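The values are calculated or read from the model by the stated rules, or taken from the named source; none is laboratory data. The model shown is predicted, which means the values in this text are computed figures rather than measured ones. Every residue, glycine as well, gets a Cβ built from its backbone with ideal geometry; the counts of neighbours run over all protein chains shown.
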Amino acid sequence: MLQRPIHRSGEMLPALGLGTYSTFDVGNDTAERAALKEVLRLFVQHGGKLVDSSPMYGSSESVVGDVARAEGLTDQLFMATKVWTSGRDAGIGQMNESMRRMGVARMDLMQVHNLLDLKTHEKTLRDWKAQGKIRYLGITHYHAGAHAELERLVKTKQYDFVQFNYSIAEREAEERLLPACAESGTAVIINRPFAQANLFSRVRGRELPAWAAEFECQSWAQYFLKYILAHPAVTCVIPATSKPKHLVDNMRAGLGRLPDGAMRAKMIQALP
């Protein structure tokens with residue numbers, strides 16, 4: 001599995017992570033939880049580590065925590081979640097509850113979701129980091145409209161991680177935000193790697209180009225993920241899935257060669 005460094009510490013992180021938006025929001029459904037146990041087991045087996053969630057994602061935090069404990073995987077995971085509320089006390093309460101749900105005494109990465117009440121939560125999180133309650137501090141957004149503000153913030157070099165949308169279909173981050181992350185030494189988590197599954201609609205019924213074999217690509221999912229991973233500023237990409245076979249397919253994007261600049265341009269041109 002391809003690994004990339006967290007620049008603030010030098011810690012290595014597998015480049016394929018796991019998102020939980022929608023896919024882990026299954027409540028107490030026994031059958032759905034059984035499938036997610038297999039997803040998480042295979043994720044670790046194939047070299048994955050970072051699991052990203054949020055209190056915004058319904059029962060996802062609780063399901064991640066329960067499944068990880070049931071499979072004995074908690075200590076093998078890099079747990080990441082977010083604070084998504086306004087006010088100091090509300091933020092502290094929500095973050096403590098997230099840690100309880102995910103089954104950790106110390107959160108690997110706590111992020112301010114969509115920059116909501118950033119100034120308030122940032123002070124709490126810097127205190128928590130100093131106390132060892134969290135390991136890393138991050139900021140997130142899901143929409144390109146926030147890229148300019150994210151760029152401004154990462155240039156301050158005050159954040160360990162930044163998470164935002166980027167895909168072969170949504171390439172706005174290539175212009176300024178990704179270069180700013182590289183220059184500032186901010187680790188990058190990519191969400192919406194499949195443009196909310198729209199990319200699969202665009203290629204439905206189409207054969208993978210034969211030349212994709214040149215960078216050891218065997219599926220459209222790997223094609224989309226390898227495009228992202230080929231950008232050197234990207235630390236980790238977090239596709240979400242509840243299907244074990246899709247998990248395995250996604251993880252294979254972190255193996256073998258990646259496309260170079262000329263090939264990435266060819267990949268864009270080949271996209272319907």
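Observations on the model:
- The residue list LEU50, LEU40, LEU16 contains one member that is farther than 17 Å from LEU225 by Cβ, crowded, with 22+ Cβ neighbours inside 10 Å and among the aliphatic types (A, V, I, L, M), which is LEU40.
- Members of the range 146-166 that are in contact with an Asp or Glu (Cβ under 9 Å, 6 or more places away or on another chain) and assigned to a helix (DSSP H, G or I): HIS147, VAL154
- Count of residues meeting criterion [over 21 Å from GLN196 (Cβ atoms), in contact with a Phe, Trp or Tyr (Cβ under 8 Å, 6 or more places away or on another chain) and either surrounded by fewer than 20 Cβ atoms within 10 Å (Cβ to Cβ) or among the aliphatic types (A, V, I, L, M) (or both)] in the range 140-164: 1
- Residue in the range 258-266 that is over 28 Å from GLU38 (Cα atoms) and basic (Lys, Arg) present: yes
- Selection over the range 49-93 of residues that are under 26 Å from LEU2 (Cβ atoms) and either assigned to a helix (DSSP H, G or I) or among the aliphatic types (A, V, I, L, M) (or both) gives a count of 13.
- Selection within the range 115-147: residues that are touching a helix residue (DSSP H, G or I) at 6+ places or on another chain (Cβ under 8 Å) and modelled with pLDDT under 95. The member of this set that is nearest to VAL83 (Cα to Cα) is TYR142.
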